[in-house]
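Only one structure is covered here, and it is reproduced in the block below.
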Amino acid sequence: MSAPARVLVIGASRGLGLGLVEHYRAAGAAVTATVRDGAAVARLEALGATVRTLDLLDEAVLSEATQQLSGERFNLAIFNAGVTGSRTANLSEPADRGQFDRVMHTNVHAALALAAPLIEALAAERGTLVYLTSRMGSIGGVTAPGSALYRVSKAAENMVARLAHLQAASSGVRVLAMHPGWVRTDMGGQAADIDIATSVSGMTRVIADAKAYPSGGFFDYRGEAIGW
């Protein structure tokens, strides 16, 4: 299966986002990568990516980005931006308001705000929109009360993916929610199960196979379906 010609990776400064940029650039795709600050610009530009600064917590910047997307055309867009918040937060000791706002604005509000513009930018090519979410957002699969804020945000992001799937159906845009696995990144930590290369290799294989992994699904990097 050939690589998509034009790829957008939102949240590409490090970890999985950077790994996805490296993968698609190596495959010959034209990649646009967004970062929150300038620290990763040189590294991404060295890969041949077009880099844009996009702070998802800045409402004015986010609004401008939605307007800019109306004139763009992509074959694949990946929403990878995300933060964890406190890993110990639970119902007895919930996160404070500042932390709640940061996590929910990044993981949920931005995903909602960009959904329609991304679908529009993908429609001409009947492309694919991927939300890198988490198995921790699976309501049916939850077995522990920890990381409450992150779990709630990812469950909400999963809903954004499902709504985007329904809205995109008439335009032929495919929408997936994907769990990248527990990956050894700054976010996942060094005790995680797999490395970035394993996650990226698996996810890109799933993304490339629209027949086996149709729109509206929630899959992990191995291609296994996850219950919502």
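Bear in mind these aren't lab numbers, they're just calculated from the coordinates by the rules spelled out. Every value quoted in this text rests on a predicted model; they were computed, and no experiment measured them. For neighbour counting, all protein chains shown are included, and Cβ atoms are generated from backbone atoms with ideal geometry for every residue, glycine included.
Neighbours of A161 by Cβ distance under 15 Å: Lys/Arg scored +1, Asp/Glu scored -1, total +2. Region 15-56 and region 167-228 have their alpha-carbon centroids 19 Å apart. Count the DSSP beta bridges whose two residues both fall in the chain, then state the antiparallel fraction as a percent rounded to the nearest 5. In the chain, approximately 5 percent of DSSP beta bridges are antiparallel ones.
Note on the chain: with charges restricted to the Cβ of Lys and Arg (+1) and Asp and Glu (-1), its dipole about the Cα centre is near 480 debye. Ordering G137, A177, L118 by Cα displacement along the dipole of region 116-182 toward the positive end leaves G137 in first place; charges were set at the Cβ atoms of Lys, Arg (+1) and Asp, Glu (-1).
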